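Data block below; observations after.
Computed from the coordinates by the stated procedures, all read-outs in this text should not be read as laboratory data. On a predicted model such as this, the values are computed, not experimentally measured, just so you know. Virtual Cβ from ideal backbone geometry, glycine too; neighbours counted across all protein chains shown.
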Amino acid sequence: MAARTAIGLDIGTSGVRAAELSFGKHGVTLEKFGQVAVHEGAVRDGEVIDGPAVTHAIRQLWQATRFSHKQVVLGVANQRVIVRQIDLPWMPASDLRKALPFQVQDFLPMPAEQAVLDFHPLETTTDTSGGRTQRGLLVAASRETVLANVHAAEKAGLKVSMVDLTSFAVLRAIGKRTDLDVQTEALVDVGARVTNIVVHSGGVPRFVRILLMGGQDITDAVAERLGVPQLEAEGLKQELGLYGSGTELTNAARAVESTASTFVDEIRGSLDYYRASNPDYPVERVVVSGGGSLLRGLVDRISTATRLPVQGGNPLGTMRIGKTGLDEQQLAVVQPLAAVPVGLALGAHR
């Protein structure tokens, strides 16, 4: 019997990426991976602004990568997505789906009818009056922004079978399900403009935060400080990392240092907030992924700021590699970029 396949599509600030996985008796196999750049401003902070440009990039991606079909799981993460832990009266899942818009309206910054809602139960508790309650993560996304992503994909000839939060995709791709040494870890996927932070215990999400900062912000700071084009600024950023020195590069080094410090402070602040509200599940490790995580010195800086061990995540580490057309060097480049599309495809196999 042929293996079933699923494709995850990530519409990011700097480009569109997709991964096709197959699921068979030998486990999960990466069959295809591809990416195509989009122009600056086509996607802003996770929101599709220039639909035709994004649609064109998706068409190019499918033509170049030759995916086996056009049904996709689409990711979403932007400033109009909220994820918060709430307590609701316990009820069967079927009843909760119907009642959710009425139960959560007071927690939303928008009318419930303008939002796409989901609820991920974490645990059942008992309130002070003895009634059963369920604690979980409420996910609410602006329907308008979700539909903008969906329409861009559909106009490229794709069929969107499911829309998923990219934070949960990161969790599926690089979150350790069982680890005798570490019970709770924080995942930090650093994109160009959007960074997903997920704290989980054995695959159960406990905290999610979406930061509207990433690697491109550091590039922008270098470009502005030196008055150079983006491409040159990106090269300087990669050359310097957080260890840059030398009189000629002092201004660039200061720009990298200042912006990276602000970014690391945001990560530390998010984990401090989680720690204050979840004392029973302390974070024991940080795992990083995403193109922005490759900045030299960033891992050390996060470790120093959080006082936690930090390591790189590998979304391809537990799966077989099929006939992707990518050699080992290309796969090494793809690895840090693959967490979101791989995790989205994994979500279709639940």
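From helices alone, the chain scores -11000 deg cm²/dmol at 222 nm; the rule is -39500 (n - 2.57) for each run of n ≥ 4 DSSP H residues, then divide by the residue total.
Scan segment 20-65 for GluC sites (Glu not before Pro) in coil per DSSP, keeping those whose Cβ has at most 12 other Cβ atoms within 10 Å, and list them by number. Don't skip to the answer; put the middle values down first.
Details: sites: 20, 31, 40, 47; in loops: 40.
Counting only loop positions with at most 12 other Cβ atoms within 10 Å, none of the GluC sites (Glu not before Pro) in segment 20-65 qualifies.
Restricting attention to the chain, the count of lysine pairs at 8 or more positions apart or across chains with alpha carbons under 29 Å apart stands at 16. Cβ-to-Cβ counts within 10 Å put 151, 39, 56 in ascending order as 39, 151, 56, the fewest first. In plain terms, the residue of 224, 113 with the fewest other Cβ atoms within 10 Å comes first and the most crowded comes last, giving 113, 224.
Which order do the peptides 62-71, 141-150 come out in when sorted by mean C-beta neighbours inside 10 angstrom, highest first? Mind showing how you got there, number by number?
On the way: 62-71: 14.7, 141-150: 18.5.
Ranking the peptides 62-71, 141-150 by packing returns 141-150, 62-71.
Across segment 64-145 the C-alpha pair distances fall into 10 Å bins from zero in the proportions 15, 41, 25, 13, 5, 1, 0 percent.
With N set to the residue count of the chain, report its C-alpha Rg divided by 2.2 N^0.38 Å to two decimal places.
Values: Rg = 20.4 Å, N = 350, 2.2 N^0.38 = 20.4 Å.
My calculation over the Cα atoms of the chain gives 1.00.
Give the residue list of trypsin sites (Lys or Arg not before Pro) in segment 161-213 that are DSSP loop and have at most 13 other beta-carbon atoms within 10 angstrom. Answer in residue order: 177.
Could you please rank 190, 182, placing first whichever residue has the fewest other Cβ atoms within 10 Å of its Cβ?
Placing the least packed residue first, the sequence is 182, 190.
In debye to the nearest 20, how big a dipole does segment 81-142 give about its Cα centre with +1 on each Lys and Arg Cβ and -1 on each Asp and Glu Cβ? Mind dumping the intermediate values first?
Values: 5 positive and 7 negative charges, 16 e Å.
About 80 debye.
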